[in-house]
Amino acid sequence: MTTTESPRKEASSVSSNDESSRGTLARVLTSQEFWTRAAAPVALAVAFVAFSIAAPNFFTAVNINGMLADAAIPILLAVGMTFAVMLAGIDLSQASTLAFASVLFGIAYGAGWGLLLSFLVAVAVGVGVGVLNGFFVGIVRIPDMISTLGTMGLMMGLSLIISRGIPEPVSDPVLRTIASDSLGPFRWNFLIVLMIVIVLHVLLTHTPLGTHLLAVGDSMDASKAMGLRVSRIKIIGYVIAGLMAGLAAVALILYVGSTQPAANTDYVLKAVAATVLGGTSLFGGRATVWGPALGALLLTVLQTGMIMIGVEAFYEQAVIGIVVLAAATLMRGRK
Amino acid sequence: MTGTTDLKLEVTDVTKSFGNVTALRGATLSARAGEVTAIIGDNGAGKSTLIKCVSGYHAPDGGEIKVSGKPVHFGSPLDARHHGIETVYQDLALADQLSVWQNIYLNRELTAGPWPFRVTRRGAMRAKARELVGDLAVNVPEVTKTVMRLSGGQRQAVAISRAVMWSNEFVIMDEPTAALGLRETQQVEALIRRIVERGTSVLIISHNFEQVMRLSDQVWVMRGGRVVNGHRTAEVTGADLVAEVTGAAAEHF
Ligand SMILES: Nc1ncnc2c1ncn2[C@@H]1O[C@H](COP(=O)(O)OP(=O)(O)O)[C@@H](O)[C@H]1O
Ligand SMILES: [Mg+2]
């Protein structure tokens, strides 16, 4: 009707008509928006090519499958972390939640509860810690750092108290199958993690809840004005983060064959690194699931590749730390 | 002349405090169905707080609110929506990193499938949002753009389109043209006239006296958390209103 010229065309034609398509490409390649999405896949491809050239055994089916399986735990934690970070929060308690869930899994399994019930115990621990985090962040309104630092200490302590710090071996035929058998070219644990990633991707992009999580992370005021129940949505985000830590506990048990009572705090560093690499805004409101999953895969590839070209394992932490700082600087964005 | 039934909104003695700041000290006003009712007043007079009580964003501390003659107690903006009240907030209440269509449908997403397999109908929402924006003839670009990338006027248009789309009964607008240029202001005013023609009641907060004179049927003046005066717009001049807003007129009584 009265809408005059199409503003779509206007904006692009004014700036790009006289420039060549190379100009457009250059603009895309230097835009922050592009790099927030492309950093993880591009870095992953570069790392892959570089290590394949530098280390003869890198680009082999055995090694690639090994890396995908190694990435299972980092991917679970990274996509879980993403659900806290998209709410403009963080979940520092993941590693100790994982430890506590693994301890309780071990106790349940040792008491003869069987695999399924023990699995549900680990899941319940993750969900429970998530509810606790969400309660303190969303309802009591304690800053996310402090809330999750508190539950981190609590869970770390509980798992040491209950286990006396002693790992329990868990040997289960089903878990052994998931850990070492393959379906086609891929190991089961990687395939299961891939399925979880797909489910969370659909949740984020194709359900009302996904939009609501991003909206709350973007603007609490706007969300409240649109009638969203902000506290409840925050709790759900933290529950997903906790749930992923509970699942990671099971992934760890089937991977190493025992419980792990001492929290491995590298896990949190890695999860945050992968989340940032995956283009998640630390200010909340912008996130994908596949980005952090690729970010976690990238970190695993870096770790394996460095070992294969003869870098001491001690360097790994420092490299991840640098990657976090570099990625966060590149993608610090607006707001 | 007629009874209270043609009053869309009646606000009586509404009070609201934030800690030790008292924003509303007993505000009373009404809005007739099918009219444009304006509220004017200085910064901090309590205008936004008053409409946030009507829109369900705040729960008032005291007083009564009636919609179409019935007392209401809104616990959330959703309750107000169920009574056909849509609000364009002063800060627009848009999630910047979501797209235009996601904002228009925020918390009212179209879905398909049974729970827990209920998924959003993204294509349908995009198409309807595009159609809406076209029908309203507002200056909004592609609905897939993130709101962050729009100009001030376009953001305003998105917020207004959203309100107008979801209610044809009662739309409240808090300073909808405060951040706009001349041309965009004209577009918003034309839109307001169109929705009034289709029968929507409008409650508008404005700083712009000429705009109030142009658009409204009734005008209320707020000062210090109270509604201090009310007029049929046709019976006052812009100069009278200026005096009342600043409190200069108080001396004449
Ligand atoms: N959420 C809030 N918390 C504390 N004080 C508030 C809040 N909202 C409004 N106020 C105060 O209430 C008074 C009225 O504000 P407001 O209703 O926004 O006025 P207006 O819209 O007329 O400019 C001001 O003194 C303002 O600082
Ligand atoms: Mg205001």
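The values are calculated or read from the model by the stated rules, or taken from the named source; none is laboratory data. Quick caveat, the model's predicted, so the values are computed rather than measured. Cβ atoms come from the backbone with ideal geometry, glycine included; neighbour counts cover every protein chain shown. Side chains included, ligands, DNA and RNA excluded: accessible areas come from the protein's heavy atoms. Shrake-Rupley method; radii C 1.70, N 1.55, O 1.52, S 1.80 Å.
Explain nothing, just the number: dipole magnitude of chain B about its Cα centre with +1 on each Lys and Arg Cβ and -1 on each Asp and Glu Cβ, in debye rounded to the nearest 20.
1020 debye
Placing +1 on the Cβ of every Lys and Arg and -1 on the Cβ of every Asp and Glu, with no other charges, gives chain A a dipole of roughly 600 debye about its Cα centre.
Summing Cβ point charges (Lys, Arg +1; Asp, Glu -1) relative to the Cα centre of the protein assembly as shown gives a dipole of roughly 660 debye. Looking at region B:105-213, which GluC sites (Glu not before Pro) are DSSP coil and have at most 14 other C-beta atoms within 10 Å of their C-beta? Answer by residue number: there is no such site.
The share of accessible area on chain B that comes from carbon and sulfur is 50 percent, using a 1.4 angstrom probe. Backbone amide hydrogens, once placed in the peptide plane, bring B:Phe170 within less than 5 Å of B:Glu86, B:Ser201, excluding anything fewer than 5 places away on its chain. Share of pairwise Cα-Cα distances greater than 31 Å in region A:36-331 is 26 percent (whole percent).
For the residues B:Ala137, B:Ala112, B:Ala23, a GNM of chain B with alpha-carbon springs under 10 Å puts the largest fluctuation on B:Ala112.
Grouping the Cα pair distances of region B:4-246 into 10 Å bins from zero gives a pair-distance distribution of 7, 31, 35, 20, 5, 1, 0 percent in increasing distance order.
Element breakdown for chain A at a 1.4 angstrom probe: carbon and sulfur atoms account for 70% of the accessible area.
With every protein chain in place and a 1.4 angstrom probe, the accessible-area ranking of B:Phe209, B:Phe74, A:Phe314, largest first, reads A:Phe314, B:Phe209, B:Phe74. Size check on the protein assembly as shown: the Cα extents along the three principal axes, sorted descending, read 89, 63, 43 Å.
Dimensions of region A:90-144 based on its C-alpha atoms, expressed as ranges along the principal axes with the largest first, amount to 40, 17, 12 Å. Candidate cross-link partners of A:Lys234 among the lysines, defined by an alpha-carbon separation under 19 Å and a same-chain spacing of 8 or more, comprise A:Lys224. Please give every one of the aspartates and glutamates within straight-line cross-link reach of B:Lys47, meaning a C-alpha to C-alpha distance under 12 Å, and leave out same-chain neighbours fewer than 8 residues apart. Partners within reach: B:Asp174, B:Glu175. If you take the alpha carbon atoms of region B:1-144 and fit the smallest convex hull around them, that volume is 180 Å³ per residue. To the nearest 100 Å², how much accessible surface do chains A and B cover up together, summed over both, with a 1.4 Å probe? Heavy-atom accessible area buried at this interface is about 2500 Å². Considering all different alpha carbon pairs of region A:80-187, the Kirkwood hydrodynamic radius works out to 15.2 Å.
For region A:118-123, 3J(HN,Hα) computed residue by residue from phi via the Karplus equation (6.51, -1.76, 1.60; θ = phi - 60°) reads 4, 4, 5, 4, 4, 4 Hz, glycine and proline entered as x. Could you tell me whether region B:143-190 comes out rounded, prolate or oblate from its Cα gyration tensor? Rule is a ≥ b ≥ c as square roots of the eigenvalues, rounded for a/c under 1.5, then prolate if a/b exceeds b/c, otherwise oblate. Oblate, because a/c is 1.5 or more while a/b does not exceed b/c.
Mind checking Rg over Rh on region A:199-304, alpha carbons, Kirkwood formula for Rh? Radius of gyration relative to Kirkwood radius: 1.02.
Per-residue Karplus couplings for region B:138-144, computed as 6.51 cos²θ - 1.76 cosθ + 1.60 with θ equal to phi - 60°, are listed in order as 9, 7, 10, x, 2, 6, 8 Hz, Gly and Pro entered as x.
Hey, if you put +1 on the Cβ of every Lys and Arg and -1 on every Asp and Glu Cβ in region B:4-246, which of B:Val88, B:Ala38, B:Ser206 ends up farthest toward the positive end of that dipole? So the residue furthest toward the plus end is B:Val88.
Overall size of region B:188-236 from C-alpha positions, given as principal axis extents largest first: 33, 22, 18 Å. The listed residues A:Trp35, B:Trp101, once ranked by accessible area (1.4 Å probe) with the largest placed first, stand as A:Trp35, B:Trp101.
Averaged per residue, region A:36-331 has 40 square angstrom of accessible surface, using a 1.4 angstrom probe with ligands and nucleic acids left out. Taking a straight line from the alpha carbon of A:Lys270, these aspartates and glutamates sit under 17 Å away, with near neighbours fewer than eight places off in the same chain left out: A:Asp70, A:Asp91, A:Glu316. Residue-wise HN-Hα couplings along region B:150-158, as the Karplus relation 6.51 cos²θ - 1.76 cosθ + 1.60 with θ = phi - 60° gives them from phi, are 9, 6, x, x, 5, 4, 4, 5, 5 Hz; Gly and Pro carry x.
Helical content alone sets the calculated 222 nm signal of the protein assembly as shown at -17500 deg cm²/dmol, taking -39,500 (n - 2.57) per DSSP H segment of four or more residues and averaging over every residue.
In terms of accessible area, using a 1.4 Å probe and ignoring ligands and nucleic acids, B:Arg122, B:Arg198, A:Arg37 rank largest first as A:Arg37, B:Arg198, B:Arg122. Compute the helix-to-body angle for B:122-136: its Cα long axis versus the longest principal axis of chain B, expressed 0 to 90° and rounded to tens. Tilt relative to chain B: about 40 degrees. Angle check, please: helix B:182-197 long axis (alpha carbons) against the longest principal axis of chain B (alpha carbons), in degrees 0 to 90, nearest 10. Taking Cα atoms only, the helix is inclined about 90 degrees.
Buried on complex formation within region B:131-148 (loss of at least 50 square angstrom of accessible surface versus the isolated chain, 1.4 Å probe, ligands and nucleic acids ignored): B:Ala137. A Gaussian network model of chain A, with springs between Cα atoms under 10 Å, assigns the largest mean-square fluctuation among A:Val202, A:Val121, A:Val137 to A:Val202.
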